[in-house]
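The structure under discussion appears below in the form of structure tokens.
The values are calculated or read from the model by the stated rules, or taken from the named source; none is laboratory data. The structure displayed is predicted, hence computed values, not measured ones. As a convention, Cβ positions derive from the backbone with ideal geometry for all residues, glycine included, and neighbour counts pool all protein chains shown.
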Amino acid sequence: MTQKQIITMTKQELERLSIINSLIKGTINGQEARKQLRLSLRQVQRLKAEVIKKGPSGIIHRSRGRSSNRKFTKAFKNKVKYLLKTKYHYFTPIMATEHLFTDCGIKISKETVRRWMTEEGLWKIKKRKQRGVYRSQRERKDNYGEMEQFDGSYHKWIHELDEEQCLLASIDDATGKITHACFEKNEGVLAVFKFWKKYIEINGKPLSIYLDRFSTYKVNHKNAEDNKDMITQFERVSKELGVTLIKANSPQAKGRIERLWKTLQVRLILEMRHHKIKNIREANVFLKEAFIPWFNSTYAVIPKDKADLHKENNADLKAVFSIKKERSVGNDFVVRYENKYYQLEKEQPVTVLKKSKVIIETRITGEIKIKQREKYLNFFVLPSRPAKEKDSKMLALPGRKTSRKPPQNHPWRRYRIKVR
């Protein structure tokens, strides 16, 4: 008694067998079979020959039930899993794939690493969230420097520190490059001024800055110490520099910088942990010298137009990026500001009257300057509050007199009054 052979086929293979049998019987020709199978004529002829020779089993692919030629050995798989568990257990599958190649010379796909990390309990597959509101994508700007998206993010960026740090960053809309980034204690006025002063020194002035209408410029975090009038100060700076401010109505509107935070809160944190970064100073050095160049070389795109639209800076950045407040000159020519008393000296570059208005500039370094009519006044700090003076014989501090005499041909010398 002959033993029956059981052949397991898929639905597609059964359909193929039916068409090939019709071809063998002569009810259809090779061209008709080719169209039904969506294969080349040569493939159809090969399948016909296999079915004639082996019967129905000839339709089945010969590699079924055999191990793949690309299958990894058990020893290799165990070696990679050991490295994943000991050295890269806190990495994402993509980062682990990159470091396996750069650190150990092991080149495998990220999906293989993802599968092996899932098997070892090092990675949990997340379900994709359903999008609730439809949002259409805005096209990138055409030129580098045409628009910078700017924001700050409070997060526990440095693994070794217990408190949160604030990362300020700007990303170019046209290229996707991180144009500048630095760690600060908070997102206060002076921290943001320091950021953009450095940005302009490196890159020049962008045409526009896209920023958050709400969270960036009001008190929204315990570390944001001095955000009460930040937007007013920043608007003033932008007007002085000729930079347009664009305020987003939602986080999705400035999606490029929001997407950057998602990337950095995974990659940057793990990379700094891998390189044993312990403080803000080391983190800023790592950002500048290693991470930003790598990020830009990996993720930046080529803009539509090659021109760089950053404008050259001609302003005094120390004066522009300072907190400016208006104060009045007292009867004794003392100016009070932040519970300190500044006595104006007798000699000044311009005439200073009692009750006149002056501008107090607080520089990024903490230095104080007093300005009137575009001239900086001479002053010194009083050790204590001066005695109140109701009336002073001196009505004004005269401006510096010049010793220059007009020449003989000056109009003042040539002018004569005719007396009748």
Inspect all residues belonging to the range 294-312 and state whether any of them is part of a helix (DSSP H, G or I), in contact (Cβ under 8 Å) with a residue 12 or more places away in the chain and surrounded by 15 or more Cβ atoms within 10 Å (Cβ to Cβ).
yes
Does the range 303-318 include one or more residues that are within 26 Å of the chain's Cα centre (by Cα), among the hydrophobic types (A, V, I, L, M, F, W, C) and closer than 30 Å to P386 by Cα?
no
Residue within the range 256-267 that is among the hydroxyl-bearing types (S, T, Y), surrounded by 16 or more Cβ atoms within 10 Å (Cβ to Cβ) and either part of a helix (DSSP H, G or I) or at pLDDT 90 or above (or both) present:
no
Could you check how many residues of the range 155-175 are touching a Lys or Arg at 6+ places or on another chain (Cβ under 6 Å) and under 16 Å from F195 (Cβ atoms)?
1
Identify, by number, the condition in (1) assigned to a helix (DSSP H, G or I); (2) surrounded by 14 or more Cβ atoms within 10 Å (Cβ to Cβ) that F91 doesn't meet.
(1)
In the range 318-329, which residues are surrounded by 18 or more Cβ atoms within 10 Å (Cβ to Cβ) and without any contact (Cβ under 8 Å) to a residue 40 or more places away in the chain?
V329
Those residues of the range 325-371 which are over 16 Å from V381 (Cα atoms), within 37 Å of the chain's Cα centre (by Cα) and in a loop (DSSP other than H, G, I, E, B), in sequence order:
R363, I364, T365
Based on what the data block shows, is G399 among the small types (G, A, S), at pLDDT 75 or above and either closer than 26 Å to S322 by Cα or within 56 Å of the chain's Cα centre (by Cα) (or both)?
no
R46: passes all of (1) at pLDDT below 90; (2) part of a helix (DSSP H, G or I); (3) out of contact with any helix residue (DSSP H, G or I) (no Cβ under 8 Å at 6 or more places or on another chain) but (1)
